[in-house]
Amino acid sequence: MYKGSANVMLPTSIIGSLPRPAWYTATLGNKSFLEAMVNSRYREQYEDAVSSFLRAQEIAGLDICTDGDAHYDEEVGGMSWQSYPLTHMSGFSREPEPAIYNVGAVAYPRGHILHDFLEARVFPKIVGPIGRGNLQYAALWKVAQRMTKRPIKFGTILPELLAASCADTHYKDPVERILAFSAALNAELNELAEAGCPVVQMEEPQIHMVPVRGKAFGKLDVDDLVGIFNKTVKGLRDKTEVWCHTCWGNPSQQRIFREAQSYKPTLEALAKLDCDAITFETASSGTGDLEAIGAIVKDKKIVIGVIDHHTLQVERPDQIASLIRDALKYIPAERLIISSDCGMGREGMGRRHAAYKMVAMVLGTNIVRKEFGLPEAECLAADTRYSLTVTKT
């Protein structure tokens, strides 16, 4: 069910997170969101942060917005992406402890910035049956959606990464643990969709990582992971638009692989996902997979990243337009969505750089829209009437 991207040709969006304002010092910790919103100081800062995120996206001219992941606390490497569910679902201990990284990534040595990311993996452990607890995704979405008429996309991490993140003294098998996360997330996301959320984004299934890292937990191949994804989103597509976000990693705005990786080995599996759109990292990893993506993924919308979340270099609109034209050689315009490669709020980027990257994305998309005779998005940030520079006529 296309809701967020319906009736818009070449719609623009971002994956999710934006850099946190320096004045946003309030933290959520393990309090429930609704409990935290009772506190006037937290409520003011949270709502002001969401408002600033939305305004930046509206000024740039994005079609589909996000809340900037404002409910995540400021944690090393953006670890709140994982810690928020682990500290708000039921079945966990109250006290966090260092966790072992269980997804087969390279162990970064001390002296590399990503070693700090590994040291920041301090999570509670599973001590009982996993449940939804206080995720409160619908409430988080409502706060943002009531501030704008543009559709708000809401994203969440997927079960296999949550299952790999924490110690477990309750479940006997990692697959049992993953399925428990899947069931809890499914219930939470169906409530979110029923509340009216127009786009739900499922983030980072490990399907595309299997050729690089091996089977998840040494036993789950790509077909197993497709099955887990489809269980997690069961019932959603009758109510909302479902995106699957994939990229090649982004802790502290860093690349986690030395060489650019390819989606080609797992495109057949990704095509089996029960979703409406799949995102692909194409700005920072290159466009070499576009032909294969277009040939294999034919019944979903394709979301291409046209801005690189790893670098402070702001892309030029003509550069973005060229990347979009490359994608249009293989993907019809009615099935193409323009976005960032990943989130821009994972500790390494400032608000001004992120804002101008979004502006560049809209301006580059407008170049192609104009070539197709399509309506261009209004980009207030680029309106010369409001320039502070005085020019001679």
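The values are calculated or read from the model by the stated rules, or taken from the named source; none is laboratory data. For clarity, every value in this text was computed on a predicted model and none was experimentally measured. Neighbour counts are summed over all protein chains in view; Cβ atoms, including those assigned to glycine, are modelled from backbone coordinates with ideal geometry.
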Response to the item:
Subset of the range 290-304, residues in contact with a helix residue (DSSP H, G or I) (Cβ under 9 Å, 6 or more places away or on another chain) and either crowded, with 21+ Cβ neighbours inside 10 Å or free of Cβ contacts under 8 Å to residues at least 12 places away in the same chain (or both), comes to Leu290, Ile293, Val297, Lys301, Ile302, Ile304
Discussion item. Just the residues that are surrounded by 10 or more Cβ atoms within 10 Å (Cβ to Cβ) and free of Cβ contacts under 8 Å to residues at least 24 places away in the same chain, please, taken from the range 376-393.
Written reply: Glu376, Ala382, Asp383
Worksheet, complete the sentence: In the set Ile324, Ile331, the lone residue that is surrounded by 16 or more Cβ atoms within 10 Å (Cβ to Cβ), more than 15 Å from the chain's Cα centre (by Cα) and part of a helix (DSSP H, G or I) is Ile324
Worksheet entry | Residues satisfying the stated conditions in the range 106-136, i.e. in a helix (DSSP H, G or I) and in contact (Cβ under 8 Å) with a residue 60 or more places away in the chain | Ile113, Leu114, Asp116, Phe117
Worksheet item: In the range 180-218, which residue that is hydrophobic (A, V, I, L, M, F, W, C) and part of a loop (DSSP other than H, G, I, E, B) is farthest from the chain's Cα centre (by Cα)?
Response: Phe217
Worksheet item: Which residue, of Phe257, Phe229, is farther than 17 Å from Arg213 by Cα, touching a helix residue (DSSP H, G or I) at 6+ places or on another chain (Cβ under 9 Å) and of a type in the set (Phe, Trp, Tyr)?
Response: Phe229
Worksheet item: With respect to the numbered conditions (1) part of a loop (DSSP other than H, G, I, E, B); (2) of a type in the set (D, E, K, R); (3) in contact (Cβ under 8 Å) with a residue 60 or more places away in the chain; (4) closer than 20 Å to Leu162 by Cα, which one is the sole condition not fulfilled by Arg94?
Response: (1)
Worksheet item: Is the range 350-358 home to any residue that is over 22 Å from Met9 (Cβ atoms), outside any loop (DSSP other than H, G, I, E, B) and aliphatic (A, V, I, L, M)?
Response: yes
Fill in: From the options Arg20, Arg43, residue that is without any contact (Cβ under 8 Å) to a residue 12 or more places away in the chain and within 23 Å of Pro151 (Cα to Cα)
Arg43
Fill in: Considering residues of the range 13-54 that are part of a loop (DSSP other than H, G, I, E, B) and basic (Lys, Arg) only, the residue farthest from the chain's Cα centre (by Cα)
Lys31
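How about the range 233-254: which of its residues are outside any loop (DSSP other than H, G, I, E, B), touching a helix residue (DSSP H, G or I) at 6+ places or on another chain (Cβ under 8 Å) and among the hydrophobic types (A, V, I, L, M, F, W, C)? Explain how you work it out, then say what you get.
Here is the first cut: in the range 233-254, the ones outside any loop (DSSP other than H, G, I, E, B) are 236-238, 241-245, 251-253.
Going one step further and asking which of them are touching a helix residue (DSSP H, G or I) at 6+ places or on another chain (Cβ under 8 Å), we end up with 236, 242, 244, 251-252.
Across the range 233-254, the qualifying residues are Leu236, Val242, Cys244.
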Practice prompt. Evaluate the following for Lys142: is it over 26 Å from Glu35 (Cβ atoms) and surrounded by fewer than 20 Cβ atoms within 10 Å (Cβ to Cβ)?
Written response: no
Discussion item. For Thr266, only one of the following conditions fails: (1) more than 27 Å from Ser80 (Cβ to Cβ); (2) assigned to a loop (DSSP other than H, G, I, E, B); (3) at pLDDT 95 or above; (4) not charged (D, E, K, R). What is its number?
Written reply: (2)
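When the residues of the range 272-289 are narrowed to those that are assigned to a loop (DSSP other than H, G, I, E, B) and hydrophobic (A, V, I, L, M, F, W, C), which ends up surrounded by the most Cβ atoms within 10 Å (Cβ to Cβ)?
Ala283
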